[in-house]
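The values are calculated or read from the model by the stated rules, or taken from the named source; none is laboratory data. As the structure is a prediction and not an experimental result, all values here were calculated from the model. All Cβ positions, glycine included, derive from the backbone under ideal geometry; neighbour counts span all protein chains shown. Accessible surface is based on the protein model in full, side chains and every heavy atom, while ligands, DNA and RNA are left aside. Shrake-Rupley method; radii C 1.70, N 1.55, O 1.52, S 1.80 Å.
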Amino acid sequence: MSDESPARVSRRAALRLLVGGVAAGAAAMAGVVGVGFLYPVPKVEVKPRFICLRHQVGDGKTLELLDDDGRKVMLMEQADGELMAIGTTCTHLGCSVFYRADEQKFECPCHNGWFDAQGNATDGPPERPLPRYPVTVRDGKVFVKLA
Amino acid sequence: MPRRVIDELLEAFPIDVQDLYEKAGESLPHSAKRWWWCWGGIAGLLFGLQAATGLLLAFYYRAEPGTAFESIRYITEDARFGLFLRSVHNWGASFMVVFLGLHMLRTFMTASFREHRWGTWMAGVGLLGVTLGLAFTGYALVGDTVSYWAIVVTSNIVGAVPLIGGLAKQLFLAGDSFNQATLSRMYALHVQIMPAALMGVVLVHLMFVRLHGMHKPGTQADLDAEAAETAEKGSHEFFPDHAIAESASFLYVALVIMLLALAFPVAMGLPFDPAVTPEHIKPEWYFYAVFHMLKLVPGQMGVVVTLLLGVALFFWPFIDQYILQPIDRALFKGRLETSLLVGMATLAVFLIWSVVEAY
Amino acid sequence: MSLKIKEIIIALCSALIIVVLGYVVMAEKEHATGEAKPVVKADSAGCVDCHGEELENGPGRDPGIVSHWKHSVHAINGVGCMDCHGVPAVGDGPDIDNPRYTVSTVWDKESGNKSITLVTDEAGAPVERADLWKHEGAQIVTAVSPRTCAQCHETESEQFFHSRHQSASDFLGSVDNFLGRYAEGPAAANNGCQQCHGSVLRVSVPATGDEPPVYAADTWPNTGMGRVNVDGSWGSCSACHSRHEFSAELARRPENCGKCHMGPDHPQIEIFTESKHGIAFAKNADSMGMDAPGLEWVLGEDYSAAPSCSSCHLGPVAAHGNYAPMEMTHDVGARISWTLRPKISIQPGGIVDESGLVRLKEPEGRRQDMKQACLVCHGDAWVDGFYVQYDNAVHLYNEKYGKPSTAIYEHLKEVGVLDKVPMNEHLDYEYFEIWHHEGRRARHGAAMMGPDYVQWHGFYELTRNFYTKFLPAVEHAAEDAGKGEEVAAFVEKTLHEGDNWNKYHRWTEGLNAAEREAMLSWEQETYGARE
């Protein structure tokens, strides 16, 4: 036991191997975390949510809601009687838009952006339309998918 | 592995490892075997950590005012290990600034900028500037209220620089005010330009260090002690001794960062709304002292003072050599180091203002 | 520091890093697909924060309530605290539907129709309910009435409104009412009768400022089925659909009905448990998918292993054979042909409201509906034969025990042998238990196939009590009152009415072999002939 024959690994080399191994293990774990991070996460199916009764919206009455990310959404009745849930955060730089009932348009006061009644960008700096959320009406109850 | 394969690899990659070892290696004084001599290396390795975590974050981040916050929220709440990685990146940034500061403190205390080493020093100050720039652009990308107002306030400071201020501000914001292209600019700076600049300046910094060799200890007694230690223990080489020391301390720091990331993860703020100004807007902690100073000396004067202080820091080796050292010799007969006093005083003011601003 | 120590530090730090990263990997939340999470809306967030379990300064006030709600279908669909405890704004929808205002419920016992009218003051304005109060900035009511549930569950509320469950508290003037309130005592009535039938909610101290109104302690807490609410409506949805979980599964389980439908006077849950239906249910309950969403637990389609109470009496039945599917109803009387409650059982007629809408079918129609449920698992001959057996049992009770004992008892009261005060004499109880206890047990046992209740808890006790207790007691009481002969003659006349003596009471004198034979064959013939 006292000699270190060439066929056997020396104690120092063994220690170095162990250290290297543990360090490699740490690197491997970091790799697992890194790669795992990049793998897409399964999509959570979001249910439509009860908001109010049908008769509580319309004739000028609107409801202000918040979606899951905290963004403002407005539930309103369109000209054809259908309900619409539309995000009211301007797609330019994030100010809140206002609905101008007389012109049936959305106005953003910050940089004079305008959207039409469906939320499409018409005038000013905004380019992308206002986001729309699916609305269903069941038995007089209004449900909105606020994902 | 079969002998033939190894032989082929050695022929294809004709690297003389031993030669490389010798060229890259360097004998260090035994006095450098203290943990406070590792700080610079740790700061550099922390950049590696930031680059690695940052690279991963970049896979999900989107640099547009409307979607930036949502992408950060996705990373923080939905992506696997996202909260952990973002927290490591966040804590790592603070630690990098801390270790840079510590390294600067050490070099200042040991007056390593003397003996014609002003090149090393200036590259170092450049690295400090780039690191602070990286830190700033980093949290400007988050897209919450702090980000927005940080960009706006900083753009106003940039705009207050005499002569070139107006142009600089436009360049900074990609326009006259915060617009769609501003975040993209911050992103390009944070992910491409500044890291490249940092790596370039690090190379310059290390080149200077290697060319000059380490600043050896001062007095004859020190030199004798050094010789004795070398005689007893052999030389202290960069490879493997100092490299391993730096790796060990870096791993330790990385572990601490990970534990902090677990115990105190980042939290989601509120998406920025240009129409809303929060009550108490403050920059990140490392800017507290400057922020406080700008409150004391407001407006353009404050910006000018900051610039002058930066210039003074950059040219410190010369200030030290041509102004302070003669004062030392004349007034104190070499028994007092004015440079040290100035350094201590500056550090004290920095700390006091930071603490005051924190409350 | 030697190289070795540095290497050890590296090894140690690496090992700890592996542990830390391992923890990160393990602690990663499962990003569940489709697992529904409770939705806390802005207007209910304050409620959940204070009443729930995650208060920053300590546990919430009623974490159980919030926990129940979080596991409910309401929470997943975004129905929160304010949707039920809040009231619609003034002018939001018709006033009569607005739970903010008081209504008056009227039950016309002649026609069977029920209606509500809005209560107005002298100026014609609607009157706000007395238990509306301001709590943390929101106007709420504590005791929610069915009119709030009706905002979203219109159909179910409508069906329930016209059912006998809704009017369960309306038995004023009945013997049971006198028994509970006066013979026993208010506490007995409040804690006993009213907890099933429903109290008449009363506000004893109105709300002031931020202080809640105080409900009179003899009326609240109460989730009796027919509770009269402060807004004037009748009924309590939470009686079956326990708050705040409001679970359909709970309402489907027999134990739910068994809270009230049990005991010596109507042991439905005991009978069900004894019956083959109950045995099958006990074995199969876990595999019947009882937690299916509302209206998706259809007999014959989603399950058929066994029925629970709601399967036959309320639940939806799938199409089968030539039958169209039968919809769910919240009118518990919709499929019941006999009423087994009274002294003498009858088959109540249908109810048609003023506009000609059929609120309750005629007895044959109701029976057909019930048969439709039976026929999912049983053949026609089986079901028809059952109803012959059932009808015969009810008939036997009516003719042999119910009618005679009632006629005799009424007569005793008329001629003054018994005083006018209810439930104060021995005979009052003898008679009461004949129709109210063993008489009902026999009938219910027959209705739901619990043979022991038909026999030993039913007809056996009827026979023993009628012949060995009631009739002798009548004799003694009449003699003590000096009307012995007159009453005896009346009893004789009653027992000999029509062919009743031969059919029912002649056995008391003994039957020889020929007579027994004759009785048996007569019965067998009659089983075929009777409806």
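Descriptive notes on the structure:
- Residue count, segment C:230-287 (criterion: outside any helix (DSSP H, G or I), closer than 30 Å to residue C:119 by Cα and open to solvent by 30 Å² or more (accessible area, probe 1.4 Å)): 7
- Considering each residue of segment A:71-90 in turn, none proves to be within 14 Å of chain B (Cβ to nearest Cβ) and either more than 24 Å from the chain's Cα centre (by Cα) or at positive phi (or both).
- Filter result for residue B:106 (open to solvent by 20 Å² or more (accessible area, probe 1.4 Å), of a type in the set (D, E, K, R) and assigned to a helix (DSSP H, G or I)): yes
- Listed by first and then second residue, the pairs linking a residue in segment C:8-32 that is at the interface with chain B (Cβ under 7 Å from one of its Cβ atoms) and at pLDDT 90 or above to a residue that is outside any helix (DSSP H, G or I) and buried (at least 19 other Cβ atoms within 10 Å of the Cβ), with Cβ atoms under 9 Å apart and 6 or more places separating them unless they lie on different chains, are C:24/B:81.
- Residues located in segment B:56-68, provided they are open to solvent by 20 Å² or more (accessible area, probe 1.4 Å) and either within 9 Å of chain A (Cβ to nearest Cβ) or among the charged types (D, E, K, R) (or both): B:56, B:57, B:59, B:60, B:62, B:64, B:66
- Residues of segment A:118-139 classified as part of a loop (DSSP other than H, G, I, E, B) and either surrounded by fewer than 16 Cβ atoms within 10 Å (Cβ to Cβ) or among the aromatic types (Phe, Trp, Tyr) (or both), total: 6
- Selection from segment B:70-83 of residues that are open to solvent by less than 20 Å² (accessible area, probe 1.4 Å) and either facing chain A (nearest Cβ under 9 Å) or among the polar types (S, T, N, Q) (or both): B:71, B:75, B:76, B:79, B:81, B:82
- Residue, farthest from the other protein chains (Cβ to nearest Cβ), within segment B:250-281, restricted to residues that are open to solvent by 30 Å² or more (accessible area, probe 1.4 Å) and of a type in the set (Gly, Ala, Ser): B:267
- Check on residue C:424, under 26 Å from residue C:269 (Cβ atoms) and not assigned by TED's automatic domain parsing to the domain that holds residue C:308: no
- Subset of segment A:92-147 [without any contact (Cβ under 8 Å) to a residue 60 or more places away in the chain, more than 14 Å from chain B (Cβ to nearest Cβ) and of a type in the set (A, V, I, L, M)]: A:101, A:117
- Pair list, Cβ < 7 Å and 6+ apart or interchain, from segment B:84-103 residues that are closer than 18 Å to residue B:262 by Cα and within 14 Å of chain C (Cβ to nearest Cβ) to residues that are of a type in the set (Phe, Trp, Tyr) and assigned to a helix (DSSP H, G or I): B:85/A:37
- Filtering segment B:281-288 for residues that are over 30 Å from residue B:180 (Cα atoms) and within 24 Å of the chain's Cα centre (by Cα) leaves an empty set.
- When residue C:177 is tested against (1) assigned to a helix (DSSP H, G or I); (2) polar (S, T, N, Q); (3) at pLDDT 90 or above, only condition (3) is not met.
- Members of segment B:283-304 found to be of a type in the set (Val, Ile, Thr), open to solvent by less than 50 Å² (accessible area, probe 1.4 Å) and touching a helix residue (DSSP H, G or I) at 6+ places or on another chain (Cβ under 7 Å), listed by number: B:297, B:303
- If you go through segment B:133-158 and keep only what is within 14 Å of chain A (Cβ to nearest Cβ) and either open to solvent by less than 20 Å² (accessible area, probe 1.4 Å) or part of a helix (DSSP H, G or I) (or both), you end up with B:143, B:145, B:147, B:148, B:149, B:151, B:152.
- Among the residues of segment C:446-463, those that are in contact (Cβ under 8 Å) with a residue 60 or more places away in the chain and more than 12 Å from residue C:396 (Cβ to Cβ) comprise C:447, C:448, C:449, C:450, C:451, C:452, C:453, C:457.
- Residue within segment C:95-106 that is aromatic (Phe, Trp, Tyr) and either modelled with pLDDT under 90 or closer than 20 Å to residue C:151 by Cβ (or both) present: yes
- Single residue of segment A:15-36 satisfying the filter (more than 29 Å from residue B:262 (Cα to Cα) and of a type in the set (A, V, I, L, M, F, W, C)) that is nearest to the other protein chains (Cβ to nearest Cβ): A:15
- Qualifying positions in segment C:238-284 - of a type in the set (A, V, I, L, M, F, W, C), over 16 Å from residue C:448 (Cα atoms) and out of contact with any Ser or Thr (no Cβ under 8 Å at 6 or more places or on another chain): C:240, C:248, C:260
- Of all the listed residues (C:78, C:91), the sole one being open to solvent by 50 Å² or more (accessible area, probe 1.4 Å) and modelled with pLDDT under 90 is C:91.
- Breaking point among (1) of a type in the set (Ser, Thr, Tyr); (2) open to solvent by less than 70 Å² (accessible area, probe 1.4 Å); (3) modelled with pLDDT under 95, for residue B:187: (3)
- In segment A:37-65, the residues that are without any contact (Cβ under 8 Å) to a residue 24 or more places away in the chain, touching a Lys or Arg at 6+ places or on another chain (Cβ under 9 Å) and facing chain C (nearest Cβ under 7 Å): A:41, A:44
- Qualifying residues in segment C:335-359 (those that are under 21 Å from the mean Cα position of the chain (by Cα) and part of a strand (DSSP E or B)) - the one surrounded by the fewest Cβ atoms within 10 Å (Cβ to Cβ): C:346
- Residue B:161 meets each of the listed conditions (1) in a helix (DSSP H, G or I); (2) surrounded by fewer than 19 Cβ atoms within 10 Å (Cβ to Cβ); (3) not aromatic (Phe, Trp, Tyr) apart from (1).
- Any hit, segment B:243-263, residues being outside the structural domain of residue B:357 (by TED's automatic domain parsing) and touching a strand residue (DSSP E or B) at 6+ places or on another chain (Cβ under 6 Å): no
- In segment C:217-229, the qualifying residues are those that are under 27 Å from residue C:115 (Cβ atoms) and not β-branched (Val, Ile, Thr), and the one that is most open to solvent (accessible area, probe 1.4 Å) is C:220.
- All conditions in (1) assigned to a loop (DSSP other than H, G, I, E, B); (2) loosely packed, with under 13 Cβ neighbours inside 10 Å; (3) of a type in the set (A, V, I, L, M, F, W, C) hold for residue B:311, with the sole exception of (1).
- Flag set for residue A:67, criterion: open to solvent by less than 60 Å² (accessible area, probe 1.4 Å), under 22 Å from residue B:148 (Cβ atoms) and charged (D, E, K, R).
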